[in-house]
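Here the structure comes first, spelled out in structure tokens, and everything after it is commentary.
Read the figures in this text as sums done on the coordinates, not as results from a lab. Just so we're clear, the structure is a prediction, and the values are computed from it rather than from any experiment. Note that we place each Cβ from the backbone using ideal geometry, even for glycine, and neighbour counts take in every protein chain shown.
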Amino acid sequence: MNLSQTIKISGLVQGVGFRPFLYRLAHRYALTGSVHNTDAGVQLQIEGEAGQVECFVKAMHAELPPLARIDGLDRTSAVWHGYEEFTIGKTQGRDAKSALISADICVCEACLAEMQEPSNRRYNYPFINCTNCGPRYSIMQHLPYDREKTSMRFFTLCPACEREYVNPLDRRFHAEPISCFECGPSLRLLDRCGRLLSEGAVAIEMAAHALQEGKILALKGLGGFHLLCDASSSEAVLRLRKQKNREAKPFAVMFADISSLCTFTQITAAEETLICSKEKPIVIVQKKKSLLLSRHIAPGIERIGVFLPYTPLHHLVLQKVGRPLVASSANRKDEPILTQSVAVIEKLGDVVDLVLEHDREIVNASDDSVMQIVGEKPIFLRMARGFAPKSIKLPFKSTKTILALGAQQKSTITLIFGDTLILSPYIGDLGSIEVFEYFERTVERFFELYALKADIIVCDMHPEYETSRWAQKQKAEYPALTLLQVQHHYAHILAVKAEHGLRGRVLGFAFDGSGYGDDGKIWGSEVMIADETGYQRQFSLRPFRLIGAEKAIKEPRRSALSVLFEQLSLEELLTSGLAPTAEFSKEELTLLHTAWKKGINSPYSSSMGRLFDAVASLAGIVQVSSFEGESGLKMEAYVDEKITQTFSFALHRGQIDITPMFSEILERSDTKEIVSMFYNTLVEIIAAVCREYPELPLLFSGGVFQNKTLVQMIMKRCALMKRPCYFQNETPVNDGGISLGQAWFALHNQ
Ligand SMILES: [Zn+2]
Ligand SMILES: [Zn+2]
């Protein structure tokens, strides 16, 4: 019996070799018809023997190309057309914009092999790619994903590339960004003033040589420029630190291959898998004791961020240099990653010695993703290149288009339309004009790609967040727009629910630096019972003052002083010789005490992040931090599993009272003991709260849960208690996940 069908497929089916894949399958099962990209995905006309059609559909699911994902498949019978062959047609359709954007993919093994083969016409070609690899989001201007809608449109295919591009059996069939030495982008090496030094292979040669000599090179990657320097040269690393005005924040290091990476670090099997994955994120791993790299890369921290080259150009440079390189995003402090050599020279001309660039435009910027493995599972510290934009298929269709704006720090946006949710790459901290403009560009790009307008905008409750202000402005301009506000920590918990598709009531622990509370106070240690419609706060830390407000974030010793003022009189403190007082004069301490006592610029907060600060300061680990999360990160090194005691605490009337802990800390001087007991206490607090709600699943989110040691301890404890617990493994656990939670709320409350 013969069958003629129309099959509509949605999901990640564009720019991932899906059509040639169908072409090959159609040949295998002797079927005829056609396939083309539409705005909604892929549409297929298929004719042939009914049994063979079924085999075709089965094989389509079973043998899916590595980057493809089928979300929806709709089969309807069609009138017999009598196709003579199977063809790949032109892109059609302008209506439903639901084809998904694929993230950028690092160069594949097959392309690398060709690049290293002297007889290949792409030998040492820095822009080699195929259907399974190469740039996507970073070069995309519009959908559907076709060459003329990317920044490759300026490069006309040469006859040899054209032959590959149109041959359905070639592994570069319809690989939109393909090119070669004849027809593709070209490399240029510039000096710090923008003067041309060399081109092509010579440019790589000269750049590599300069790196060996300790110079700083800006290199154009996939989603932006990197600043590179020799990781074994302390002089080079210190110069980069000084020039970039980056005192102690750790740098990531790129290694030529996994075996060289293993000589410098101790990695687990799960870490190796993640490092070598097709996304090639930066992974935070354990340093080897005898680290042969400059100790200025991650001073005072036992871990280091490592990754492998992910573009052909990175591979070529690393091979030539022959040693590991520090690779840091090229940006000025608190500004977005730079994508144009002109901007690199203008903004970082005093930092870099040379610029290795090319003429394939980066349309959409994205930073490197940063992850770590906790209990065999990944946790995102930053979700960007390779992973985002991330699309999630929703359990039901939204009738409205939803735009969620996220928070202020580690900003991301989330868009919902139909049954599609898209989470943007990491944008940054919206405190600077440059990052805010990048935020606006991302919003514009998302709407442009999908030809959409928002019906609902969701923002945080914090009136001072740039995103809240922007939302208010939109509402004033378009009164028909619905504006929703979602409490910060509730959004954290909803993000976990969204990732795991959990319905109904849960017990959520949202621990972070700060978020605006329902009562206008600064929250940051919320235990809540939550579902899709709302939440009730069950517990939070007994609030303490943040002396100097914002200043307390930069200076852990201010949080420590705040809790000390509760324990000791000013006179006692002045003669105590305690670590947090060390760098203050008597006059300064007196002033701080007055501010604390009278509440001058010293708001109450229940921030868990600041509690970490207070303990880190009391233990003498960090007094003034030079990067966010330093306290937690540095404390981890002191946790000793053999120490099992805890400090005292009490749970009453919705408060977690840790006052007794501070006097107990003051009785001790051993850093390991203080830190280990503090971690044990937190786990014990969580366990005690959990016991009160035996029927609810446990959800954890917020910046505090980036702390590897703490999360491992909680997971262990939950397993002991036989309680199901959920962390985020595919979306950002820090404020990068807020937009996801906000969108999830709007989806269920429109
Ligand atoms: Zn490839
Ligand atoms: Zn070519």
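Amide H neighbours of Leu699 under 5 Å, at least 5 residues apart or on other chains, H built in the peptide plane: list them.
Long-range HN contacts for Leu699: Leu507, Gly508, Phe509, Tyr726.
Count the net charge of all other residues whose Cβ sits under 9 Å from the Cβ of Gln408, scoring Lys and Arg as +1 and Asp and Glu as -1. Each step should come with its number before you reach the end.
Values: positive: Lys410; negative: Asp429, Asp460, Glu464, Glu466, Asp735.
Residues close to Gln408 contribute a combined charge of -4.
Summing Lys, Arg as +1 and Asp, Glu as -1, what charge do residues with Cβ under 15 Å from the Cβ of Thr339 carry, Thr339 excluded? Walk me through the intermediate numbers first.
Numbers: positive: Lys220, Arg332, Lys347, Arg360, Arg385, Arg441, Arg445; negative: Asp104, Glu335, Glu346, Glu357, Asp359, Glu361, Asp367, Asp368, Glu434, Glu437.
In short, -3.
Can you run phi through the Karplus equation (6.51, -1.76, 1.60; θ = phi - 60°) for the stretch 226-231 and list ³J(HN,Hα) in whole Hz, with x for Gly and Pro?
9, 9, 10, 7, 4, 6
On a full-extension model of 0.36 nm per residue, what is the gain between Leu570 and Gln116, subtracting their alpha-carbon distance, rounded to one decimal in nm? Display every interim value, and only then the final one.
On the way: separation 454, 0.36 × 454 = 163.44 nm, distance 6.96 nm.
Value of the extension gain: 156.5 nm.
Please identify the cysteines of the chain that lack any partner cysteine with a Cβ under 4.7 Å from their own Cβ.
That list is Cys55, Cys106, Cys111, Cys130, Cys161, Cys180, Cys193, Cys229, Cys262, Cys276, Cys459, Cys690.
Determine the alpha carbon to alpha carbon distance for each of Lys333/Lys672; Lys280/Lys708; Lys390/Lys521; Lys397/Lys473 and list only those over 31 Å.
Working: Lys333/Lys672 34 Å; Lys280/Lys708 20 Å; Lys390/Lys521 33 Å; Lys397/Lys473 28 Å.
Table pairs above 31 Å Cα-Cα are Lys333/Lys672; Lys390/Lys521.
Take every Cα-Cα distance within the stretch 541-726, group them into 10 Å bins from 0 onward, and report for each bin the whole-number percent of pairs it holds.
Calculated P(r), rounded to whole percents: 9, 37, 36, 15, 3, 0.
Could you derive backbone 3J(HN,Hα) for the stretch 3-10 from the dihedral phi with the Karplus parameters 6.51, -1.76 and 1.60 (θ = phi - 60°), listing whole Hz in sequence and x where the residue is Gly or Pro?
9, 10, 9, 9, 10, 9, 10, 10
Which lysines, on any chain, are close to Lys475 with Cα under 22 Å apart, when same-chain ones fewer than 8 places away are left out?
Partners found: Lys400, Lys453.
Among residues other than Asn364 whose Cβ falls under 12 Å from its Cβ, what is the net charge (Lys/Arg +1, Asp/Glu -1)?
-1
What are the semi-axes of the equivalent ellipsoid of the stretch 551-655, taken as the square roots of 5 times the eigenvalues of the Cα gyration tensor, listed largest first and rounded to whole Å?
Working: eigenvalues 105, 60, 44 Å².
Equivalent ellipsoid semi-axes, largest first: 23, 17, 15 Å.
How many nm is it between the label spots at Ser77 and Leu292, if each spot is 7 Å from the Cα in line with the beta carbon?
In this crude label model, Ser77 to Leu292 measures out at 7.0 nm.
So for Val42, Val639, Val342, Val733, fewest C-beta neighbours within 10 Å to most, what's the order? Mind dumping the intermediate values first?
On the way: Val42 23, Val639 19, Val342 12, Val733 27.
Lowest to highest Cβ neighbour count: Val342, Val639, Val42, Val733.
I'd like the Karplus ³J(HN,Hα) series for the stretch 380-397: coefficients 6.51, -1.76, 1.60, θ = phi - 60°, whole numbers in Hz, and an x wherever there's a Gly or Pro.
Running phi through 6.51 cos²θ - 1.76 cosθ + 1.60 with θ = phi - 60° gives 7, 9, 8, 9, 8, 3, x, 10, 10, x, 10, 9, 10, 7, 7, x, 8, 7 Hz.
Between the DSSP loop rule and a limit of at most 15 other Cβ atoms within 10 Å, which GluC sites (Glu not before Pro) in the stretch 567-643 are left?
On the way: sites: Glu571, Glu572, Glu583, Glu587, Glu588, Glu628, Glu630, Glu636, Glu641; in loops: Glu583, Glu628, Glu641.
The qualifying sites are Glu583, Glu641.
Suppose only helical runs count, i.e. DSSP H with n ≥ 4. What mean residue ellipticity at 222 nm does that imply for the chain under -39500 (n - 2.57) per run, divided by all residues and rounded to the nearest 500 deg cm²/dmol?
My calculation for the chain gives -10000 deg cm²/dmol from helical runs alone.
Using the Cα gyration tensor of the stretch 503-552, with a ≥ b ≥ c the square roots of its eigenvalues, what is the shape: rounded (a/c below 1.5), prolate (a/b larger than b/c) or oblate (neither)? List each step's numbers first, then the result.
Working: a/c = 2.80, a/b = 2.51, b/c = 1.12.
It is prolate, given that a/c is not under 1.5 and a/b is the larger ratio.
Suppose R0 equals 35 Å. What FRET efficiency, 1/(1 + (r/R0)^6) with r the Cβ-Cβ distance, do Glu361 and Glu109 give to the nearest 0.05? Mind dumping the intermediate values first?
Numbers: r = 27 Å, r/R0 = 0.78.
Computed FRET efficiency for Glu361 and Glu109: 0.80.
For labels at Cys183 and Lys642 in the simple 7 Å Cα→Cβ model, what's the distance in nm?
6.7 nm
Quick check: residue separation of Ser432 and Glu247 times 0.36 nm, minus the Cα distance between them. What number comes out in nm? Working shown, then result.
Values: separation 185, 0.36 × 185 = 66.60 nm, distance 1.97 nm.
Result: 64.6 nm gained on full extension.
What's the FRET efficiency of Ala451 with Ser260 using the Cβ-Cβ distance as r and R₀ = 56 Å, to the nearest 0.05?
Numbers: r = 47 Å, r/R0 = 0.83.
After rounding to 0.05, the efficiency reads 0.75.
Taking 56 Å as R0, compute the FRET efficiency from the Cβ-Cβ separation of Leu666 and Lys400 and round it to 0.05. Could you put the intermediate results ahead of the total?
Working: r = 55 Å, r/R0 = 0.98.
With R0 = 56 Å, the Cβ-Cβ based efficiency is 0.50.
Using only the alpha carbon atoms of the chain, find the Kirkwood hydrodynamic radius as the inverse mean reciprocal pair distance, in angstroms to one decimal.
Details: mean 1/r = 0.0362 Å⁻¹.
For the chain, the Kirkwood estimate is 27.6 Å.
Can you give me the long-range amide H partners of Ala384? Hydrogens built in the peptide plane at 1.01 Å from N, cutoff under 5 Å, separation of 5 or more residues or another chain.
Ser369, Val370, Tyr426
Could you list the GluC sites (Glu not before Pro) in the stretch 430-515 that lie in coil according to DSSP, counting only those with at most 13 other Cβ atoms within 10 Å of their Cβ?
On the way: sites: Glu434, Glu437, Glu440, Glu444, Glu448, Glu464, Glu466, Glu477, Glu499; in loops: Glu464.
Here the sparse-neighbourhood loop sites are Glu464.
Using only alpha carbon pairs under 8 Å that are at least six residues apart, calculate the relative contact order of the chain and give it in whole percent.
Working: 1696 pairs, mean separation 82.1, N = 750.
The value is 11 percent.
At 7 Å along the Cα-to-beta-carbon direction for both Lys333 and Thr268, put a label point, then send me their distance in nm to one decimal.
3.5 nm
Compute the length gained on full extension between Arg153 and Thr482: take 0.36 nm times their separation in residues and subtract their Cα-Cα distance, giving the result in nm to one decimal. Mind showing how you got there, number by number?
On the way: separation 329, 0.36 × 329 = 118.44 nm, distance 3.85 nm.
Gain on stretching Arg153 to Thr482: 114.6 nm.
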